[in-house]
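Submitted below is the structure of interest, expressed as structure tokens.
The values are calculated or read from the model by the stated rules, or taken from the named source; none is laboratory data. Predicted model, so just to flag it, every value in this text is computed and none were measured. Virtual Cβ from ideal backbone geometry, glycine too; neighbours counted across all protein chains shown. Remember, those area values only see protein heavy atoms, side chains included, never the ligands or the DNA or RNA. Shrake-Rupley method; radii C 1.70, N 1.55, O 1.52, S 1.80 Å.
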Amino acid sequence: MSDLLATPPEGEGPGETVASRFAFYQQAGGILTPVITTVFAFFIGGLVVLLITHKNPLSTYKAIFNGTGLNWFFPWISHADRINAAYNLQSTLLLTTPLILTGLAVAFAFRAGLFNIGGQGQYAAGSIVAVWIASSFAGMSGLPHILLAMLLGALAGGAVAGIAGLLRATAGSHEVITTIMLNWIIFWLAGYLFGQQGPLQTSRERSLTQSNDIAQNTHLHVFWGNPILQGLHVGFFVAIAALVVYWLILNRTTLGYEIRAVAYNPEAARYAGISVGRCYFLAMAISGMFAGLAGVIDVLGWKFVLSVDDVQGQAGAGAVGFLGIAVALLGRNSAVGIFFAALLFGALLNGTSDRHLDPTIFPPTLAENLTLLIQGLVLLFIGADVLVVYLWRARRKLVPWKLRGPAA
């Protein structure tokens, strides 16, 4: 059975499924390809800055970097600048936290040969359940209340993704189509729940299409920074723990072995006695739980209330659930890679905000477009993995037959 996970021989290339080919590309590219991809994306972005705005790309990137707060780690930063850098770094890590979880939501499904494009809907499902639970049960003490919201919110995301997994396992429905459809079902469900006369509409002001505020004792503890200015909360450690859980499930459990086996070759896995349908369902359900947990953490950590616009306005490509796709791809579906990819995208989102960019350095109105440009370039150049493998396998054609000897 271990042969299911063996690397294809050099002359045969990767297996037949998307996941097996991607795993082969990972072995060929190593860590070098994502680094080159990122550097090249920033290089092209700098050329665009120079040609379109006639601004200095190096000055622009320096301002963006300082806005991320990552300069806090530099020992030569002065006390006043260090305070500002700490505040910026807290904001960056706040954005990084849900990106880690939505990146895991995409990566875990991909390890089973599935493409979970419904992270945003699963994130929204977790947010809806979290705000409902956290704004109810007023007599419950803080920690049990938080844990209940986290558990039920994660299960809500898992249930939404599990539907797509079940349809794939039983009817063969493609998960890309079903997860997209489920996204819109959740978006419009939020419109019903928090809209006019909706069952979860706030009781404070009936003209507002939003939920009640969550209970004060369900706010996640801020361990770094000022809670009034929204410092970094303990949800960051929950995301780090999720990375560990992700690694343990895939590498230290029978379920993880079966999921990877199904990804490489479903027919061979079925012949070996593995329930392929069960793996599809569990992989999608666990993926949805990661995304649902991201929604819970954002509600309990800094949003504290949820409106129709919050949910339906997150249908765009820049939303946290869709950015999870980029995080997983750039992070190569590994726990460490997902962490650094999420940190990169979180830093980009925070560093290019209007408050960080001086108009003399870069037009703040174009900051969001610059972020989307770099994100798009990173995704585009991830295809360099395929190019690396193609050149490696084509090297034999470039070498004359006589030089390779009769054994060729």
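For His233, what charge total do you get from the other residues with a beta carbon under 12 Å from its beta carbon, if Lys and Arg give +1 and Asp and Glu give -1? List each step's numbers first, then the result.
On the way: positive: Lys303; negative: Asp298.
That sum, taken over residues with Cβ under 12 Å, equals 0.
How high is the relative contact order of the stretch 46-131, given as a whole-number percent (alpha carbon pairs under 8 Å, six or more residues apart)? Provide the component values of the computation, followed by the final result.
Working: 44 pairs, mean separation 14.0, N = 86.
Value for the stretch 46-131: 16 percent.
From the C-alpha gyration tensor of the stretch 118-254, pull out the three semi-axes of the equivalent ellipsoid (sqrt of 5λ each), sorted largest to smallest, in whole Å. Don't jump to the answer; show the numbers that get you there.
Values: eigenvalues 158, 114, 31 Å².
Value: 28, 24, 12 Å, ordered largest first.
Then there's this: Around Leu248, under 14 Å between beta carbons, what's the net of Lys plus Arg minus Asp minus Glu among the other residues?
+3
Then there's this: Rank these by accessible area, largest first, 1.4 Å probe: Tyr271, Tyr123. Can you show the working numbers first?
Values: Tyr271 205, Tyr123 5 Å².
Reading off the accessible areas and sorting them downward yields Tyr271, Tyr123.
Would you please put 101-110, 140-149, 223-232 in order of how densely packed they are, using the mean number of other Cβ atoms within 10 angstrom per residue and starting with the highest?
Working: 101-110: 31.7, 140-149: 16.0, 223-232: 14.1.
Descending mean neighbour count gives 101-110, 140-149, 223-232.
Tally up the carbon and sulfur contribution to the accessible surface of the stretch 189-279 as a whole percent, 1.4 Å probe, everything protein left in place. The partial results should precede the final answer.
Numbers: 2840 of 4770 Å².
The value for the stretch 189-279 is 60 percent carbon and sulfur by accessible area.
Just the number, please: carbon plus sulfur as a percent of the accessible area of the stretch 68-169, 1.4 Å probe, no ligands or DNA/RNA counted. Mind showing how you got there, number by number?
Values: 2680 of 3550 Å².
Within the stretch 68-169, the accessible surface is 75 percent carbon and sulfur.
How far apart, in nm, are the 7 Å Cα→Cβ label points at Thr253 and Leu143?
Result: 2.4 nm between the two label points.
Write down the Å³ per residue value for the convex hull defined by the alpha carbon atoms of the stretch 193-276. Don't skip to the answer; put the middle values down first.
Working: hull volume 16.2 nm³, N = 84.
So the per-residue hull volume is 193 Å³.
Further question on the same structure: Could you do me a favour and compute the accessible area per residue for the stretch 214-309, 1.4 Å probe, result in Å²? List each step's numbers first, then the result.
Numbers: 4060 Å² over 96 residues.
Per-residue accessible area for the stretch 214-309 comes out at 42 Å².
Once R0 is set to 35 Å, what does the formula 1/(1 + (r/R0)^6) return for the Cβ-Cβ distance between His174 and Val48, expressed as a FRET efficiency to the nearest 0.05?
Working: r = 35 Å, r/R0 = 1.01.
E between His174 and Val48, to the nearest 0.05, is 0.50.
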